[in-house]
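Encoded as structure tokens, the structure appears first; notes follow it.
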Amino acid sequence: MSIVPLNDLRRGAQADGAALPDALLRVVDGGWYVHGPQHRAFEAEFAAYVGVPHCLGVASGTDALELALTALATPGRDVVVTAANAGGYTSVAARRSGLGLRFADVQPDTLCVGPEDVAALIDDRVAAVVVTHLYGRLADVGGLREVCDRADVPFVEDCAQAVGAQRDGRRAGSTGDVATFSFYPTKNLGALGDGGAVVTADDVLAGRLRALRQYGWGAKYRVDIPGGRNSRLDELQAAVLRLRLPQVDGWNARRREIIRCYVDAAAGSRLAVLPADGEHHVGHLAVAECEDRDAVREALSARGVQTDVHYPVPDHMQPALRDQHDARPLPVTEQSAQRILSLPCFPQLTEAEVEQVCGALRDL
Ligand SMILES: *Cc1c(COP(=O)(O)O)cnc(C)c1O
């Protein structure tokens, strides 16, 4: 019996074909390795793709979040409102920006935070609201935008899992004051290493972010802005991302198709696969919920299907974050952390592999 892997990054690189080594060699031969022509072109192409005027390449998605929160800092405001079920990236970034955490519970059907969850937590201590488009599903950005505007609090979209998601012609990342992306290899748009981006429509914020990602420089060797650091997207990664960006929409459609097969196959079983049925969802992960997770994972493993859990420990229960948030009950977050599991989902899965997963789901 062959094993269906949760992911296999070699297949993505193989699918790139000769264009991949060609692009890498051109960078090597060009002799310009950071903030050169590939980086500049990628920033322009990615901004156009998302539908915002400014894109800043940075070294990772976590850096993107940290830089966004630092750029948005307002004196006297010291906490970030966010979800506790999104892998801890925003929490780590907020702590690095010197901010405390206030967690909103998520909606049981989407596992994303909704406008009401956020509105109830906003007061004059809140520096920013960070919403993760979890598993690739675009949250209710219209409603969230309204809540943040009413309270005059910045709205940040964490689009690390949702590149390309759209609703009413607006892409993920085009509604928030700032939005962040990760190009970690397993993301829907992945590099051959680390990478990230911050996008914004705000000229002033863009200028601040541009300085913050490079030592706080306003001009070369002149540190104008405090809190700066070094976080750059290198030329090799930018070249890979330029090669792959035009293919993301097609890959996202394939991910949705795979998840649709899983939803159908699991219908009526003890496993409910979360649907990804429309362009607002880019199927970053195929996540399902069940009561008896250990037994289900064992049964799937016996049929050669790899699974994982994204994410097993909510942020408010992480040892290193224990004293960094105002404790409040998060029943949906806590329950779903016990019930979720992720199934294999990446664009290069073969029909036979998808069928093998579906067979295992039908037999549950
Ligand atoms: C991957 C991810 C990040 C962090 O990105 P890195 O590039 O690994 O730092 C942030 N937020 C979410 C939701 C992610 O999935």
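Any read-out appearing in this document is the output of simple, stated calculations on the displayed coordinates, not a laboratory observation. Predicted model, so just to flag it, every value in this text is computed and none were measured. Cβ sites come from the backbone with ideal geometry, for glycine too, and all protein chains shown count toward neighbours.
Think of it as helices only: each DSSP H run of n ≥ 4 in the chain is worth -39500 (n - 2.57), and spread over all residues that comes to -11500 deg cm²/dmol at 222 nm. Treating each Cα of the range 85-239 as an identical point scatterer and ignoring solvent, apply the Debye formula and state log10 I(q)/I(0) at q = 0.16 Å⁻¹. Once normalised to I(0) and log-transformed, intensities are -0.98. In the chain, taking the dipole from charged Cβ atoms about the Cα centre, the farthest positive-side position among 111, 41, 121 is held by 41. Here the range 18-134 is assigned +1 on the Cβ of each Lys and Arg and -1 on the Cβ of each Asp and Glu. Its dipole about the Cα centre then comes out at about 320 debye.
Taking a point 7 Å out from the Cα of residue 19 in the direction of its Cβ, the residues of the range 165-194 whose backbone N falls within less than 17 Å of it are 188-192. Compute the label zone of residue 260 within the range 267-298: residues whose backbone N is under 14 Å from the point 7 Å along Cα-to-Cβ. Taking a point 7 Å out along Cα→Cβ of residue 260, the residues of the range 267-298 whose backbone N falls under 14 Å are 275-283.
Is the shape of the range 198-246 best called rounded, prolate or oblate, per the rule: a/c under 1.5 gives rounded, else a/b larger than b/c gives prolate, else oblate, with a ≥ b ≥ c the square roots of the Cα gyration tensor eigenvalues?
oblate
Listing 90, 307, 200, 186 from fewest to most neighbouring C-beta atoms within 10 Å gives 186, 307, 200, 90. By the beta-carbon count within 10 Å of each Cβ, the least crowded to most crowded order of 192, 69, 9, fewest first, is 9, 192, 69. At an R0 of 51 angstrom, the distance between the Cβ atoms of residue 152 and residue 33 translates into a FRET efficiency of 0.75.
Among 35, 310, 133, the residue with the largest mean-square fluctuation in a Gaussian network model of the chain, with springs joining Cα atoms closer than 10 Å, is 35.
A straight chain from residue 334 to residue 294 at 0.36 nm per residue would run longer than the Cα-Cα distance by 12.7 nm. Under a 5 Å amide H cut-off, with hydrogens placed 1.01 Å from N, residue 305 pairs with 4 among residues at least 5 apart or on other chains. 3J(HN,Hα) couplings calculated from phi for the range 135-150 with the Karplus curve 6.51 cos²θ - 1.76 cosθ + 1.60 (θ = phi - 60°) are, in sequence order, 6, x, 9, 5, 5, 6, 5, x, x, 5, 4, 4, 4, 5, 4, 4 Hz; Gly and Pro show x. Taken one residue at a time, the phi angles of the range 91-106 give Karplus couplings (6.51, -1.76, 1.60, θ = phi - 60°) of 5, 4, 5, 5, 4, 5, 8, x, 10, x, 10, 9, 8, 9, 6, 10 Hz. Gly and Pro are set to x.
Once the piece of chain linking residue 230 and residue 170 is laid out straight, how much longer is it, given 0.36 nm per residue of separation minus the C-alpha distance between them? Spell out each step's value before the answer.
Details: separation 60, 0.36 × 60 = 21.60 nm, distance 3.12 nm.
The span from residue 230 to residue 170 would gain 18.5 nm if fully extended.
When you restrict to C-alpha pairs under 8 Å that are six or more residues apart and normalise by the size of the chain, the relative contact order lands at 23 percent. Converting phi to 3J(HN,Hα) with the Karplus coefficients 6.51, -1.76 and 1.60 and the offset θ = phi - 60°, the range 336-345 yields 5, 4, 7, 10, 7, 8, 10, 9, x, 7 Hz in sequence order, with x at every glycine or proline. Annotation for the range 5-77 versus the range 167-208: alpha-carbon center distance of 9 Å.
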